[in-house]
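The values are calculated or read from the model by the stated rules, or taken from the named source; none is laboratory data. Here the structure is a predicted model, which is why all the values come from computation and not from measurement. Methodologically, a virtual Cβ is constructed for each residue, glycine included, from the backbone with ideal geometry; neighbour enumeration extends over all protein chains shown. The area values use the complete protein model at the heavy-atom level, side chains included, leaving out ligands, DNA and RNA. Shrake-Rupley method; radii C 1.70, N 1.55, O 1.52, S 1.80 Å.
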Amino acid sequence: MSAEFETTGRVEPRIVSQSDAFLDALADELISSGKLQAPALARARRVSAETGERLDSVLTKLGLLSDKDLAQAMADSAGLELARDNDFPQDPLFETELSPRFLRQARLVPMFEDGERVVAAVADPLDTFAVDALRLATERPVELRIATPAQIEAALDRLYGDANAIEVLARDAGEDAAGQADADVERLRDQASEAPVIRLVNLLIERAVEEGASDVHLEPFEGRLRVRYRLDGVLREVEAPPARLAQAVVSRVKIMARLNIAERRLPQDGRIRLASRGREIDLRVSTAPAVHGESVVLRILDREGVSLDFGSLGFADDAADRYLRLLDIPHGVLLLTGPTGSGKTTTLYASLLRLNTDERKILTVEDPVEYQLDGIIQVQVKPDISLTFASALRSFLRQDPDIMMVGEIRDLETAQIAVQAALTGHLVLSTLHTNEAAGAVTRLLEMGVPDYLLSSTLNGVAAQRLVRRLCADCREAYAPDDALIERLKMDKLLPGGPPETLYRAVGCDSCGGSGYHGRLGVIEVLVMSDEIRRLVLAESDAHTIEQAARAEGMRTLYEDALAKAAAGATSIEEVLRTTRGD
């Protein structure tokens, strides 16, 4: 069978024995390689028999297998090569013979031709219709390579423009979507449940997951719907459905999140759980009424894509040692500070996992519960029934806990209960919205927490930001000049002196042209010493407390970010964007 694949790419799925033989060989390959367990395969076979859907498709839809692992197993089973990203052409091939719509539907991309043959990447090697159509259109034999659907989509987006995929789905949705603003709820529900709209929403979500986005923003404006992904902390506009489908797309998201699609005047919050690219993904959905419709934000909570290891989170050796020593104190308050989206929740979860043992009882109250942690009791706040941070925390004291985590200290009542819990021998973890670690002390004093209680219960504060990590494939080295070194104070703030080499972002296919791939944390950890407790009792300002902490060895956010730039992990531009250096 492999020879047939290599020379013509022709396999007949309509001949049941041949198709079944290939899928059986595929299943054997997955089991032998350890990518799939026998019970999971048996489950997929049952679903395949009940629905009539092919086994390989069922495996990915159930989240039992990633597209990448499936492509590798297909290639191994068929004796074919995997398509690499840099194998795809820079310009479209056979533009007059092959339409972008056909290529998208067939999930096929011609990669190159040498006059005697055409080499094409396919997501489905059993689709003989597509391969035969390519052979007839080009009048050449076809040789296949296996690619993931994401690779095919990315290549077609680059070659033909992102708009084609949305245009195809929007055309399939039909023209009857015009005038939706006056549509009744039932009609809107019906339209949101139609296959083209479902595929359109799934496509928007799947692409966001594949690109590593943390959020999807659906924003209505007059005459258009804007779609943006937050990638590595920065919003980037992507292809969008036509304005006439805006309400149908929003209604589909609300149906998936079990929200009331008839309510468009008030904000709503919900959750979606689905399998995408072989992974279980949770989405936190928030809607808000706007002038031209409803604004929707989907926060992607990819538990498998989040590392809860302090080293990978960006904690340098010194910061990690200081923070872990604070975690080891059995009672008191430990705070994390920073703006929204600075990674505080991820650091809290990493802290809870480190503290989670059979000998400890841990309770959390969160808004919302982003990731479910085994062995930890987690509570979701519900203000409509008076289940707030303060009321939940008060009830926790009757649950005999060892450690408590409060999602955020927002008011004096919550702060007072946290301090009281710390006084009675509990460790309390929480977050606060301040710009730096020292600011947390003055913020709590401003809330009304007595200075003598704060000085006796607060163990320390960690402030955090996220900077974009430079792409290792395309970063460019350069020598900093004396003016830059002096302006950034690298000669004074870096222990080893100014670096001989820094790196800047360039952009390549691996990072989508941004020059960055992923993020890492920059952290400052303020430890409450006797001197700082004295300053708290004197109600000193944040600057004075920070200077005392620096004298005792604290490295500030700017200094930590500068050290990461000197190590080549990020750029000077990112340092200034996130910490401003002043």
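Counting only protein heavy atoms, what percent of the accessible surface of the range 222-333 is carbon or sulfur at a 1.4 Å probe?
That share works out to 48 percent.
Considering only protein heavy atoms and a 1.4 Å probe, what is the carbon-and-sulfur percentage of the accessible area of the range 53-123?
Using a 1.4 Å probe with all protein chains present, the range 53-123 comes out at 44 percent carbon and sulfur.
For the range 383-431, calculate the relative contact order in percent as a whole number, restricting contacts to Cα pairs under 8 Å that are 6 or more residues apart.
The normalised contact order for the range 383-431 reaches 42 percent.
For the range 511-570, compute Rh as the Kirkwood radius over C-alpha pairs and then the Stokes-Einstein diffusion coefficient at 37 °C and 0.692 mPa s; write the answer in µm²/s, rounded to an integer.
243 µm²/s
Let me make sure I get this right: for the range 204-296, a, b and c are the square roots of the gyration tensor eigenvalues over alpha carbons, sorted descending. Under 1.5 in a/c it's rounded, otherwise prolate if a/b > b/c, else oblate. Which is it?
oblate
Which value, in debye to the nearest 20, describes the size of the charge dipole of the chain about its Cα centre when Lys and Arg Cβ atoms bear +1, Asp and Glu Cβ atoms bear -1, and nothing else is charged?
Magnitude of the dipole: close to 1340 debye.
Anything over 26 Å Cα to Cα? Flag those among Lys254/Lys344; Lys254/Lys361; Lys61/Lys344; Lys344/Lys382, in the order listed.
Check vs 26 Å cut-off fails for Lys254/Lys344; Lys254/Lys361; Lys61/Lys344.
Using only Cα atoms, locate the centre of the range 410-478 and the centre of the range 522-582, then give the distance between them in Å, rounded to an integer.
First find each Cα centre; the distance between them is then 13 Å.
For Ala137 and Gln37 in the same chain, what is the full-extension length gain: residue separation times 0.36 nm, less their Cα-Cα distance, in nm?
31.9 nm
What is the distance, in nm, between label points placed 7 Å from the Cα along the Cα-to-Cβ direction at Ala477 and at Ile198?
5.4 nm
With r defined as the distance between the Cβ atoms of Ala320 and Asp530 and R0 fixed at 35 Å, what FRET efficiency is calculated, to the nearest 0.05?
For Ala320 and Asp530, the calculated efficiency is 0.90.
Would you work out if the range 255-401 is rounded, prolate or oblate? Take a ≥ b ≥ c from the square roots of the eigenvalues of the alpha-carbon gyration tensor; rounded if a/c is under 1.5, else prolate when a/b is larger than b/c, oblate otherwise.
Here the range 255-401 falls in the prolate category.
Report, by chain and number, residues whose modeled amide H sits under 5 Å from the one on Met405, excluding near sequence neighbours (fewer than 5 apart, same chain).
Excluding prolines and chain starts, which carry no amide H, the hits are Leu363, Thr364, Val365, Leu429.
How far, in nm, would the chain grow between Arg158 and Arg398 when pulled straight, counting 0.36 nm per residue and subtracting the alpha carbon separation?
Between Arg158 and Arg398, full extension yields 80.5 nm more.
Of the peptides 448-454, 197-203, how do they stack up when ordered by the mean number of other Cβ atoms within 10 Å, highest first?
Final packing ranking: 197-203, 448-454.
From a point 7 Å beyond the Cα of Thr424 in the direction of its Cβ, which residues of the range 360-395 have a backbone N at a distance under 20 Å?
So the set is 360-366, 377-379, 387-395.
On the protein heavy atoms, probe 1.4 angstrom, tell me the percent of accessible surface of the range 424-582 carried by carbon and sulfur.
Carbon with sulfur: 45 percent of the solvent-accessible area.
Which longest uninterrupted range of the chain lacks any GluC sites (Glu not before Pro) assigned by DSSP to a loop state (not H, G, I, E or B) and surrounded by at most 13 other Cβ atoms within 10 Å?
Answer from the scan: 360-499.
Give me the lysines in straight-line cross-link reach of Lys489: C-alpha distance below 25 Å, same-chain residues under 8 apart excluded.
Counting by Cα, and skipping residues close in sequence, Lys489 has these lysines nearby: Lys564.
Under 1.5 on a/c is rounded, so check that first for the range 357-420, then, if it is not, pick prolate when a/b is larger than b/c and oblate when it is not; a ≥ b ≥ c are the square roots of the alpha carbon gyration tensor eigenvalues.
In terms of gyration-tensor shape, oblate.
Express the accessible area of the chain per residue in Å², computed with a 1.4 Å probe while the remaining protein chains stay in the model.
Roughly 46 Å² per residue, with all protein chains present.
Go through the range 60-65 residue by residue and turn each phi into a ³J(HN,Hα) via Karplus (6.51, -1.76, 1.60, θ = phi - 60°); whole Hz please, and just put x for glycine and proline.
6, 5, 7, x, 7, 8
Using Cα pairs under 8 angstrom and six or more residues apart, how large is the relative contact order of the chain, in percent?
Contact order relative to length: 10 percent.
Quote the charge dipole size of the range 303-410 about the Cα centre in Debye, to the nearest 20; the model charges only the Cβ of Lys and Arg (+1) and of Asp and Glu (-1).
360 debye
Each residue of the range 82-92 in turn: what ³J(HN,Hα) in whole Hz from Karplus with 6.51, -1.76, 1.60 and θ = phi - 60°, glycine and Pro shown as x?
Per residue, the Karplus-derived 3J(HN,Hα) values read 7, 6, 9, 4, 7, 7, 6, x, 7, 10, x Hz.
Could you list which residues have their amide H under 5 Å from that of Leu387, counting only those 5 or more apart in sequence or on another chain, with H placed in the peptide plane?
Long-range HN contacts for Leu387: Lys382.
Find how much the distance from Glu95 to Val291 grows on full extension, using 0.36 nm per residue of separation minus their present alpha carbon separation; answer in nm with one decimal.
Stretched out fully, the Glu95 to Val291 stretch lengthens by 66.3 nm.
I'd like the distance separating the alpha-carbon centroids of the range 82-124 and the range 339-401, in whole Å.
Taking the Cα centre of each part, the range 82-124 and the range 339-401 sit 50 Å apart.
Which whole-number percent gives the relative contact order of the range 226-287, counting Cα pairs below 8 Å spaced six or more residues apart?
19 percent
Would you mind checking which residues have amide H under 5 Å from Leu336's amide H? H placed 1.01 Å from N; only 5 or more apart, or other chain.
Hits under the 5 Å cutoff: Ser430, Thr431, Leu432, Ala462.
Do the sum for the chain: with -39,500 (n - 2.57) for every DSSP H run of n ≥ 4, divided by all residues, what is the mean residue ellipticity at 222 nm, to the nearest 500 deg cm²/dmol?
Result for the chain, helices only: -12500 deg cm²/dmol.
Taking only complete DSSP H runs, can you tell me which helices of the chain stretch 18 Å or more along their own long axis by Cα positions and average at least -1.0 on the Kyte-Doolittle scale?
The qualifying helices are 16-32, 38-51, 195-211.
Distance from a point 7 Å along Cα→Cβ of Ser456 to each backbone N in the range 321-361: keep the residues under 15 Å and list them by number.
332-333
Hey, rough spin-label estimate for Asn260 and Lys489, points 7 angstrom out along Cα→Cβ, what's it come to in nanometres?
Between Asn260 and Lys489, the simple spin-label model gives 5.4 nm.
Once both labels are modelled 7 Å past Cα along the beta-carbon direction, what's the Glu116-Gln547 spacing in nm?
7.9 nm
Hey, could you get me the Stokes-Einstein D for the range 316-402, Kirkwood radius over alpha-carbon pairs, 37 °C and 0.692 mPa s, rounded to whole µm² s⁻¹?
Here the translational diffusion coefficient equals 227 µm²/s.
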